[in-house]
Amino acid sequence: MTAIRLLLLSALLAPAALAQTWTPQNSGTAVELTGVHFISATTGVAVGEGGVALRTTDGGETWSAQTLPAEDLEAVAFNPSGTVGIAVSDDGPVFRTTDGGATWSFVATGAGDLRDVDWADDAVVWVAGRDGDAAVSTDAGLTWAYRNTGSAERTESVAAVSAAEAFVGNREGELRRTTDGGLTWAPVFLGTDRDLNDIQMLGTTGYISGNGDTVLKTTDGGATWADASNGSAGDEGLFFLDAATGWVVGDGGEIWFTDDGGASWTLQPSGTAANLTEVHFPTPSDGWAVGEGGAIVKFSGITTAAEPGASPRGFALSEAHPNPFTRRAAFTLEVAEAQHVQAEVYDALGRRVVVLHDGVMEAGAHALVLDGSSLPAGVYVVRVTGEAFAATRRAVLLR
């Protein structure tokens, strides 16, 4: 690899060079919003008190509201491909959508007072809630198997690893783990008595956020956990793009950002003083956080293109979709005329790991597909060069 390419990748991955801005949006509601999930940079759902489910298809510029038959909706999550979404309620049932949140159907799980939902893949999804209740589905939420975690504490969060493995985070610092599909659960010592409000696992690396500026990190698949708050970040929801890059939201509109796996945190102005409850990024360039009083703030500004998005010869390279991804990420490349095109994939260390295309490409739109089945989790840079253009995009592979 040439020195020029190494410098390019360093520039792409250097967080200090990335502009990061949060802007309040008008949700059209004053109820507390407790969950948010976007399936693309334009389409997403936020849920909250009174069964309110908000949906946007224009990146949050406008939101349409519907009320589902639940006292409160606590969380929402879509599977990695974005084809199926599950919203959980404190009444016990879940609501399932297959059209990006436009319509929802009621599905019984056997569990009650649910607080969180998380997908392991396109088919496996876990939910958890009060009195140790949990349930797992292996058919994308159509049918459920009830499981009890054996905890007397109310579950606040769940992280799905597979059909066999999951974590539940409870009040009073109680973390439980199953490796047999929820038939048995073992406690995991954390050394804290704080409520565990959110969990995310990214392969062997994982994070927990909790009350009192608590952030915990594991690098051994959840066997042991250590403090990663640096004395500042914590409280409510969290979301990590990869093992190093993530955000934690909390009271007073606080949004904390790390690019070094929690070794240090930067407070980012959110534009709101409302208590924030959850945060989600469908791409490295787009993120949303929600909270009390119908607060919604949007993140924008990270760019993954090191070169111009157009050239005199004419081309366009889309962002990765989905991003982050767990199996495959697709890019669309449009070229105005036939020419030799090379599409290469590099890891975070600047090593070329995949060649997506190397040859003549006819004029028109073409799909470039990054298959991550044999790659480790992490950040990957896709570089596309033609006879008169060059562009890069970033994709995050999760496990």
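Nothing in this text is a laboratory measurement; each read-out follows from the coordinates by a stated rule. The structure displayed is predicted, hence computed values, not measured ones.
Working note: Karplus 6.51/-1.76/1.60 with θ = phi - 60° gives segment 338-345 the couplings 4, 6, 6, 10, 10, 10, 10, 10 Hz, where Gly and Pro are set to x. For segment 132-218, the C-alpha radius of gyration sits at 1.04 times the compact-globule guess of 2.2 N^0.38 Å, with N the residue count. Any chance you could list P(r) for the chain, counting all Cα-Cα pairs in 20 angstrom bins from zero, rounded to whole %? All Cα pairs, binned at 20 Å, distribute as 29, 57, 14, 0 percent.
Take the Cα radius of gyration of segment 100-142 and divide it by 2.2 N^0.38 Å, N being the number of residues; the result is 1.17.
Could you let me know the centre-to-centre spacing of segment 159-212 and segment 54-113, using Cα atoms, in angstrom? Between the Cα centres of segment 159-212 and segment 54-113 lies a distance of 23 Å. Evaluated at q = 0.10, 0.19, 0.23 Å⁻¹, a Debye calculation over the C-alpha positions of segment 84-179 (equal weights, vacuum) places log10 I(q)/I(0) at -0.22, -0.78, -1.12. Taking the square roots of 5 times each eigenvalue of the Cα gyration tensor of segment 196-280, largest first, gives ellipsoid semi-axes of 20, 12, 11 Å. Where does helix 3-13 land angle-wise versus the long Cα axis of the chain, in degrees 0 to 90, nearest 10? The answer is roughly 30 degrees.
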